[in-house]
Amino acid sequence: MKVRYPRVEINMNNLKQNIKAMIDICGKKGIQVAGVVKGATADLKVTEAMAECGVAQIASSRIDQLEDIKNAGIDKPLMLIRIPMLSEVEDVISICDYSLESEIEVLRALNEEANKQGKLHKVILMADMGDLREGFWDKDEMIEVAKEIENKMINIQLVGIGTNLGCYGSIYPNKEKLQELVDLARRIEEALGRELEIVSGGATSSVMRLFDGDMPDGINHLRIGEGILLGYDYQKLYGYKEEETGISKDVYRVKAEVIEAKVKPSYPQGQIAFDAFGNQPEYEDRGMRKKILLGMGKVDYAFTDDLVPLDEGVEILGSSSDHTILDVTDAKRDFKVGDILEFEVCYSTLVYLTNCKSVQIAYV
Ligand SMILES: *Cc1c(COP(=O)(O)O)cnc(C)c1O
């Protein structure tokens, strides 16, 4: 394969180490791991690695990604983790083994479609515990829906309940929050007169309860993406060290090529109006500076502030759709046209980089 830039390199050894470490940490507490692949745009090598290392299910928010995984013949139960659209009910039944649900109308449509296709579809009802994204806010309503599935929907199997925390409302999955979910599971079990198979206590952030040893009993399933794919937030946001977690943050790197290296003013010359995206950024006059231009821009990674250069003394000044502008006056390296710069990748840049057709993916 011809090498092209920008280029994302995936360190498969570190990735597999992360998957195994995560399954191990969770397994010790009797917790199953659904490997969430949407953060890496369901890259098939990444998905295969998750399947090989033994995740319980492969999960994504997007049905097209799960379809590709199914067509690739990856032999794992597939879980849709975004509440399905009414318009995708047919695909949910034909492609997915599990889905997360919060609307009775959708559940009724799924039951009908599963009946048509002669299938039994497994669902997890989502409870909103305060993060205010998906899930039942009214828990009595949730119990009524659970009873309707149990008593009236022949082709839908209610396997459990779950919650999502941290994605919209930034709610931290502390012990009390997760205990609330376990208590709710017990209420539903009482209403149904049987045990639930799955109590799905969230995502990457909930694993910190295992690091700290205060995961409530009763949580037996987590849906983990970032913590396996990147492990960046544990170290960068929460201060856990790799030695404590066994999770490496060095799975992905993005490389870009220098297309221009020149000494230029730091302050734009002329009448300042708007940038490429209609914004009015502030510019600081620091005189003439050595600057480089990269053949990579917002279309590739979206968030300029989230790129972390690995070279010392390199400062990212800004970007437009297809260019990134850096000040390298204080850098150790003497940058020239054709040089390659490397950056760390975090979740916000990973989702765009792996989704961008112009970015080459390589496995190292
Ligand atoms: C994205 C997502 C996850 C995984 O989140 P990570 O923070 O990447 O672990 C889990 N559950 C739901 C419902 C999601 O949308």
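Report relative contact order for the stretch 48-178 in percent, whole number only (criteria: Cα-Cα under 8 Å, sequence separation at least 6). Please report the intermediate quantities before stating the final value.
Working: 224 pairs, mean separation 24.5, N = 131.
It comes to 19 percent, rounded to a whole number.
Test of understanding: ordering 89, 337 by Cβ neighbours within 10 Å, fewest first, what list do you get? Mind showing how you got there, number by number?
Values: 89 21, 337 12.
Sorted ascending by nearby Cβ count, the order is 337, 89.
Before rounding to the nearest 500, sum -39500 (n - 2.57) across all DSSP H runs of length at least 4 in the chain and divide by the residue total; then give [θ] at 222 nm in deg cm²/dmol.
It comes out at -9000 deg cm²/dmol, rounded to the nearest 500.
In 20 Å bins starting at 0, how do the alpha-carbon pair distances of the chain split up by percent?
27, 49, 21, 3
Below 8 Å, C-alpha to C-alpha, sequence gap of six or more: please give me the relative contact order for the chain in percent.
Details: 766 pairs, mean separation 69.3, N = 364.
For the chain, the relative contact order is 19 percent.
Suppose we look only past 19 Å in the calculated P(r) of the stretch 42-100. What percent of the Cα-Cα pairs does that tail hold? Intermediate results must be reported in sequence, preceding the final value.
Numbers: 345 of 1711 pairs.
Looking at the stretch 42-100, the distances longer than 19 Å represent 20 percent of pairs.
Given the stretch 251-321 reduced to its alpha-carbon atoms as identical point scatterers, what log10 I(q)/I(0) does the Debye formula return at q = 0.12, 0.15, 0.16, 0.23 Å⁻¹?
-0.37, -0.59, -0.68, -1.37
How far apart, in nanometres, would the label points at residue 334 and residue 315 be if each is projected 7 angstrom from Cα along the Cα-to-Cβ direction?
For the pair residue 334/residue 315, the computed spacing is 2.3 nm.
Based on Cβ point charges of +1 for Lys and Arg and -1 for Asp and Glu, what charge dipole magnitude is obtained for the chain about its Cα centre, in debye rounded to the nearest 20? Please report the intermediate quantities before stating the final value.
Details: 44 positive and 62 negative charges, 220 e Å.
For the chain, the charge dipole is close to 1060 debye.
Pull out the extension gain between residue 212 and residue 52, defined as 0.36 nm times the separation in residues minus the alpha carbon to alpha carbon distance; nm, one decimal. Show your work: numbers first, answer last.
Values: separation 160, 0.36 × 160 = 57.60 nm, distance 2.79 nm.
Net length gain for the segment: 54.8 nm.
Suppose R0 equals 41 Å. What FRET efficiency, 1/(1 + (r/R0)^6) with r the Cβ-Cβ distance, do residue 87 and residue 28 give to the nearest 0.05? Spell out each step's value before the answer.
Details: r = 41 Å, r/R0 = 1.01.
Computed FRET efficiency for residue 87 and residue 28: 0.50.
With a ≥ b ≥ c taken as the square roots of the eigenvalues of the C-alpha gyration tensor of the stretch 1-136, please select rounded if a/c is under 1.5 and otherwise prolate if a/b is larger than b/c or oblate if it is not? Provide the component values of the computation, followed by the final result.
Numbers: a/c = 1.91, a/b = 1.51, b/c = 1.26.
The shape class here is prolate.
Please give the contour-minus-distance gain from residue 168 to residue 144: 0.36 nm per residue of separation, less the Cα-Cα distance, rounded to one decimal in nm. Can you show the working numbers first?
Numbers: separation 24, 0.36 × 24 = 8.64 nm, distance 2.63 nm.
Contour length minus the Cα-Cα distance gives 6.0 nm.
Pick out, from 364, 261, 287, the residue whose Cα sits farthest towards the positive end of the charge dipole of the stretch 240-364, with +1 on the Cβ of Lys and Arg and -1 on the Cβ of Asp and Glu.
Farthest towards the positive end: 261.
What share of Cα pairs, in percent, lie more than 18 angstrom apart in the stretch 293-364?
On the way: 925 of 2556 pairs.
When all Cα pairs of the stretch 293-364 are counted, 36 percent exceed 18 Å.
Can you compute the modelled spin-label distance between residue 152 and residue 304, with each label point 7 Å from Cα toward Cβ, in nm?
5.5
All of the numbers you see were taken from the coordinates with simple rules; none came from a lab. For clarity, every value in this text was computed on a predicted model and none was experimentally measured. Cβ: placed from backbone, ideal geometry, glycine included. Neighbour counts: every protein chain shown.
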